[in-house]
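The values are calculated or read from the model by the stated rules, or taken from the named source; none is laboratory data. Given the structure is predicted, the values throughout are model-derived calculations rather than measurements. Here the Cβ positions follow ideal geometry from the backbone for every residue, glycine too, while neighbour counts run over all protein chains shown.
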Amino acid sequence: MRFALLVSLVLAAPASAADPFGTVAEKVNTRVVKLFGAGGFRGVANYGSGILISPDGHILTSATQMLDSAEIVVHLSDGRKMKAVLLVAEPELDSALLKIKVEGKKLDEPTGLELDFFDYDAAVKRPKAQPGDWVLGFSNQFEIAMRDEQFSIQKGVIAAYTKMHGRRGVFDFPYHGDVYVVDQITNNPGAAGGPLTDRKGNLLGLIGKEIKNTLSETWMNYAIPVAAEVEVKDGDKTAKLTLPDFVALGMKGQYKPVKRPDVVASIGGYHGIIFVPNVLEKTPPYVEDTVSGSPAEKAGLKADDLVSFIDGEPIYSIKMFHDYLKRTKAGMKLRLEVRRGDNLQTVELDLGEQPVKPLPPKPVEPKK
């Protein structure tokens, strides 16, 4: 696909009146938040972007591993620093819903914040953007902004409205609905969850993760439309998921994520990975060593490798790795995506039988 020449601008200070996008930038900036959570270790950002969709502090963002945290911190446009709680996430829509928690109030009580916000219902009812339309991407990419500092703004053009054909490493990306493809480098670390708007600041979609196109093997710059919908397997049935339903039901506490396979109560297949000491609540799954002759050693896993995905499913901690392995058995082949230095490597791991633990020696009988 041929992309048009791109133009990027970053507003690090309040926009001037001479800037045709200045008023729009100031309006949108009051409706976005900077998010901070899990991560911060090599290759995994602990920051991101989100949009306010209610005056009570509901936040729509991308379903990233940053949200796998006991405490999510929100920076509002006026500089206030608050805590938020993850209400629900749906990887099939690559979306998550949070709510700001006000001290002294229950989560289901009105917060009284009266924040400026994007009218999500109105956004869904507007016609979708067309190829050639000018758009603006707002995000806290590269953690440029803190507290009341403005988001980065990028100006571009809709290049296409098409089906998602993306992957992380060699794994298919869960979301496979329609996306806006943008001729601007919007999808950077920390940008996922930021808004894509038209020239007037009307919400069009959410900026997505860093993903490669499986057809062209190039990095995608895309946003998930506000009216996104997909069909997925939910247990034994096929279900239709829509982002408007996710938002509406999620805000009421009524959304039920797609059912995934139950974890089997077993220790699973044998891998032979020795992880770093699991001393934190969510210790990242860094490899410290491998058992000699084990499947992990044969697969080429090395010390300091960070296991990021198993068969396309994100793995944020050592506990998550062990929980996933409980679904497996000897003879299964797992596809691991590991971060090695600054690169992502794909490793195929053939699970073996769990080693038989030697029986304790019999007590020596006393001589008669």
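Given the options LEU107, LEU115, LEU87, name the one that is assigned to a loop (DSSP other than H, G, I, E, B), surrounded by fewer than 22 Cβ atoms within 10 Å (Cβ to Cβ) and in contact with a Leu (Cβ under 7 Å, 6 or more places away or on another chain). Checking each option against the conditions leaves just LEU115.
For the condition over 12 Å from PRO295 (Cα atoms), buried (at least 16 other Cβ atoms within 10 Å of the Cβ) and at pLDDT below 90, ARG327 qualifies.
Just checking, how many residues over the stretch 40-76 are of a type in the set (Val, Ile, Thr) and at pLDDT below 80?
So the first thing to find is which residues in the stretch 40-76 are of a type in the set (Val, Ile, Thr), and the list is 44, 51, 53, 59, 61, 64, 72-74.
Cutting the leftovers down to at pLDDT below 80 gives us 44.
Total satisfying the criteria: 1.
Among the listed residues TYR161, TYR180, TYR175, identify the single one that is in a strand (DSSP E or B) and surrounded by 19 or more Cβ atoms within 10 Å (Cβ to Cβ). When all the criteria are applied, what remains is TYR180.
Would you confirm, using the coordinates I've provided, whether GLY132 is of a type in the set (Gly, Ala, Ser), surrounded by 13 or more Cβ atoms within 10 Å (Cβ to Cβ), within 18 Å of ASN221 (Cα to Cα) and in the same structural domain as VAL73 (by TED's automatic domain parsing)? Against the criterion (of a type in the set (Gly, Ala, Ser), surrounded by 13 or more Cβ atoms within 10 Å (Cβ to Cβ), within 18 Å of ASN221 (Cα to Cα) and in the same structural domain as VAL73 (by TED's automatic domain parsing)), GLY132 does not qualify. Checked against the criterion of being at pLDDT below 90, loosely packed, with under 13 Cβ neighbours inside 10 Å and in contact with a strand residue (DSSP E or B) (Cβ under 8 Å, 6 or more places away or on another chain), the candidates THR283, THR346 yield just one match: THR346. Considering (1) of a type in the set (Phe, Trp, Tyr); (2) exposed (fewer than 15 other Cβ atoms within 10 Å of the Cβ); (3) assigned to a loop (DSSP other than H, G, I, E, B), the lone condition that PHE142 does not fulfil carries the number (3). Taking the criterion of being surrounded by fewer than 21 Cβ atoms within 10 Å (Cβ to Cβ) and small (Gly, Ala, Ser), the residues of the stretch 65-80 that qualify are SER69, ALA70, GLY79. Residues considered: ASP78, ASP108. Of these, the only one that is acidic (Asp, Glu), over 22 Å from ALA145 (Cβ atoms) and in contact (Cβ under 8 Å) with a residue 60 or more places away in the chain is ASP108. Got a number for residues in the stretch 286-297 being loosely packed, with under 14 Cβ neighbours inside 10 Å and of a type outside the set (Gly, Ala, Ser)? Count: 1.
Being modelled with pLDDT of 90 or more, crowded, with 16+ Cβ neighbours inside 10 Å and part of a strand (DSSP E or B): is that true of ALA223 here?
On the way: modelled with pLDDT of 90 or more: yes; crowded, with 16+ Cβ neighbours inside 10 Å: yes; part of a strand (DSSP E or B): yes.
Against the criterion (modelled with pLDDT of 90 or more, crowded, with 16+ Cβ neighbours inside 10 Å and part of a strand (DSSP E or B)), ALA223 qualifies.
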